[in-house]
Amino acid sequence: MHKPLISILIPFKNTVEFLPECLQSIINQTYSTWELLIVDDGSTDESFKLVENFANKDSRIHLLKNNGFGIISALRLAFSNSKGDFITRMDSDDIMSSNKLEVLSNNLIKFGKQHVAIGLVKYFSETGIGDGYSKYETWINNLTLNGTNYSEIYKECVIPSPCWMIHREDLINADAFNPNRYPEDYDLTFRFYKKGYTCIPCNSILHQWRDYTTRASRIDPHYAHDYLLDIKLYYFLMLDYNNSRPLAIWGAGDKGKTIAKTLIENEVPFDWICDNPKKIGRDIYGKGLKPFTFLKQIQNPQSIITVANAEAQKQIRNYLTKLRLQSMRDYFFFC
């Protein structure tokens, strides 16, 4: 029986400390029909030499040097040199569970095209995992268990960047790594959502996600909250906003203000509501803040909710349910 070739794409930069574990976890996969396109994105440590030694011992490993700059350019180069039927990503500081490629490829074979195979993830760190990452792990894994990842896509990236696999043709149809939008993993997730690709549920931990102080998602400005909000609002206005319905913004914190300012700049009309008595009635950016009960006066509204507090979110969700409003159609949590 023909086994599909899996192309694994890895950009790396100055991760010599972690690359041996990463590469060995790929070599140890139970599924052996793979090729690794691994791209040096300007390393100044011994990373390139280390990978070169691995490549000299295993012909499936193809080492390249980025002819541009940054992770998107590196991914484009890796993909353009790949030959696989299935495409997946990997981070150079992480570890694959030994059955990762087998589980993801089996799911793609079973469910066919226009599906994204994903898996559960587990953070690990020499210094322990902080509360924020622990909550994120629980949140994203609960979505993956049921394949309901898109249901909260406006909160955070709902498909872990190093733990998905897709048919080559589907990745190309979703415009692969061509857009120059950061964070690139979140942007690609939105394009999967736009194409209507179904996330395949999974109950296996397939990826071990390393956390450390100099990890890109911690220090790279492309992963800051302003970039996340830009992408959320860009795709919301493209995919889910109905300009025939009134729009309401919930919350007047930093995220609420950023979204309100962007909507004003783009001449998108909206009402601004909150439940903070100190802010109700105030004028910000020329918009008066109204109490949340004002929503009842709006006929057939859509709402963007920027309230981050978990308990407040529950109360808001209960309130909207009583109004017979539906998530991802009538209201969207951006936190």
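Here, each number is a calculation from the coordinates, and none is a lab measurement. Since the model is a prediction, treat every value here as computed from it, not as a measurement. Heads up, the Cβs are rebuilt from the backbone with ideal geometry, glycines too, and the neighbour counts pull from every protein chain shown.
How far is helix 225-235 tilted off the main Cα axis of the chain, in degrees rounded to 10, range 0 to 90?
The helix 225-235 is inclined about 80 degrees to the chain.
As a quick test, which of the pairs Lys13/Lys261; Lys100/Lys194; Lys57/Lys100 have an alpha carbon distance above 30 angstrom in this structure?
As for pairs spanning more than 30 Å Cα to Cα, those are Lys13/Lys261.
Within the set of other residues whose C-beta is less than 14 Å from the C-beta of Asp58, count the net charge using Lys and Arg as +1 and Asp and Glu as -1. List each step's numbers first, then the result.
Details: positive: Lys57, Arg60; negative: Glu35, Glu52.
Its environment carries a net charge of 0.
Among Phe18, Phe177, Phe79, which one shows the highest mean-square fluctuation when the chain is modelled as a Gaussian network with alpha-carbon springs under 10 Å?
So, out of Phe18, Phe177, Phe79, the one fluctuating most is Phe18.
Counting Lys and Arg as +1 and Asp and Glu as -1, each charge on the Cβ, what is the dipole of region 241-333 about the Cα centre in debye, to the nearest 20?
260 debye
Considering the convex hull of the alpha carbon atoms of the chain, report its projected area averaged over all viewing directions, in nm², one decimal.
18.2 nm²
Using only alpha carbon pairs under 8 Å that are at least six residues apart, calculate the relative contact order of the chain and give it in whole percent.
For the chain, the relative contact order is 16 percent.
Just Lys279, Lys100, Lys232 to compare: in a GNM of the chain, with alpha carbon springs under 10 Å, which one fluctuates most?
Checking each option, the largest mean-square fluctuation is seen for Lys279.
With θ set to phi - 60° and the Karplus curve 6.51 cos²θ - 1.76 cosθ + 1.60, what are the ³J(HN,Hα) couplings of region 40-56 in order, to the nearest whole Hz, using x for Gly and Pro?
Result, rounded to whole Hz: 7, 9, x, 5, 10, 9, 8, 4, 4, 4, 4, 5, 4, 4, 5, 5, 5.
Taking just the C-alpha trace of region 217-321, give me its Rg and Dmax in Å.
Computed over the Cα atoms of region 217-321, radius of gyration and Dmax are 14.0, 44 Å.
So what's the back-of-envelope 222 nm ellipticity for the chain, counting only DSSP H runs of four-plus at -39500 (n - 2.57) apiece and dividing by all residues, rounded to 500?
On the way: 11 runs with 116 residues, N = 335.
Helices in the chain give a 222 nm mean residue ellipticity of -10500 deg cm²/dmol.
When the convex hull of the C-alpha atoms of region 1-147 is computed, what volume per residue in Å³ does it have? Could the numbers behind the result be given before it?
Values: hull volume 19.2 nm³, N = 147.
Convex hull volume per residue, Cα atoms: 130 Å³.
Please check: in the Gaussian network model of the chain (C-alpha springs, under 10 Å), which one of Gln114, Gln299, Gln208 has the largest mean-square fluctuation.
Judging by the Gaussian network model, the answer is Gln299.
Express as a percent, rounded to the nearest 5, the fraction of DSSP beta bridges in the chain (both residues included) that run antiparallel.
Around 20 percent antiparallel, to the nearest 5.
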